[in-house]
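Input: a single structure, listed below in C-alpha cells.
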Amino acid sequence: MKLIIAVVQNKDADELVKQFIENDIRATKLATSGGFLKAGNTTLMIGIEDKRVDEVIALVKKYSHRRKQFLAPNMSMGSTMFAKGVEVEVGGATVFVLPIESFKQF
Ligand code: 2BA
C-alpha cells in the first residue's frame, strides 16, 4: 500500500475528487497554502493499493492544469521585495508517493 500526497490548485480539486469517487478511490482533502505564493491550494491524501498507484497518478495528471499566476507589485517574499509584478507558472500538480508501514481502520 502507498500514500499519495498530491498538491493541486483549488480550481482543479473538486473535479479531481469527483473522479476519485467515481473510480472508488478514497481521499482526504486538506485546505493548504503554498509556501512561496502563500495562496490557497489543496492537498489530497490518498491511501491506495500498490497496483492502483499509476491509475491515481494518471487521474491527477489528467485533471490538474498549469496556470500562470501573477504576484502583485510591492509584495514581499521572505526577505525579498518585488517592486515589479512577477508571473509564475503553477501546477499541474506536485505528487509524492510514500510507502505505508501499516494501515488500520477502527
Ligand atoms: P507555492 O509554494 O506557493 O509555489 C507556487 C509556484 O511558485 C510554484 O509552482 C513555482 O512555479 C513557483 N515557485 C515556488 N517556489 C519558488 C522559488 N523558490 N523561486 C521561484 N519560483 C518558485 P509549483 O512548483 O507547481 O508548486 C505548486 C505548489 O505545490 C506550491 O505552492 C507548494 O504548495 C507545492 N509544492 C511544490 N513543490 C513542493 C515541494 N518540493 N514540497 C512541498 N510542496 C511543494
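Every read-out reported here was derived from the displayed coordinates using simple, explicitly stated rules and does not represent laboratory data. Owing to the predicted nature of the structure, the values given are computational and were not obtained by experimental measurement. Ideal geometry is used to build each Cβ from the backbone, glycine not excepted, and the neighbour counts take in all protein chains shown.
Which lysines have a Cα lying under 19 Å from the Cα of K18, excluding residues fewer than 8 positions away in the same chain?
K29, K61, K62
Using only Cα atoms, figure out Rg for the chain and give it as a multiple of 2.2 N^0.38 Å. All intermediate terms of the calculation are to be shown ahead of the outcome.
Working: Rg = 16.2 Å, N = 106, 2.2 N^0.38 = 12.9 Å.
Dividing the Cα Rg of the chain by 2.2 N^0.38 Å gives 1.25.
Charges only on Cβ, +1 for Lys and Arg, -1 for Asp and Glu: so what's the dipole of the chain about the Cα centre, in debye to the nearest 20?
I would put it at about 280 debye.
Which aspartates and glutamates have a Cα lying under 20 Å from the Cα of K104, excluding residues fewer than 8 positions away in the same chain?
D24, E49, D50
What is the set of long-range amide H partners of N41 at a cut-off below 5 Å, with H atoms built 1.01 Å from backbone N?
So N41 has HN proximity to T32, S33, G34.
Straight-line reach from K11: which aspartates and glutamates fall under 17 Å, measuring Cα to Cα and dropping same-chain residues less than 8 apart?
The qualifying aspartates and glutamates are E89.
Of A93, A39, V56, which is farthest towards the positive pole of the chain's charge dipole, taken about the Cα centre with +1 and -1 on the beta-carbons of Lys, Arg and Asp, Glu respectively?
A39
Using 0.36 nm per residue of separation minus the Cα-Cα distance, give me the extension gain between Q19 and K61 in nm, one decimal. Mind showing how you got there, number by number?
Values: separation 42, 0.36 × 42 = 15.12 nm, distance 1.20 nm.
Difference between extended and current length: 13.9 nm.
Starting from 0.36 nm per residue, how many nanometres of slack lie between E101 and R52 once their C-alpha separation is accounted for?
That pair, E101 and R52, stretches by 15.9 nm at full extension.
What list of ³J(HN,Hα) couplings, whole Hz, do you get for segment 90-106 from phi and the Karplus terms 6.51, -1.76, 1.60, once you set θ to phi - 60° and write x for glycine and proline?
Calculated HN-Hα couplings, in order: 10, x, x, 9, 10, 10, 10, 10, 10, x, 10, 6, 8, 10, 9, 10, 10 Hz.
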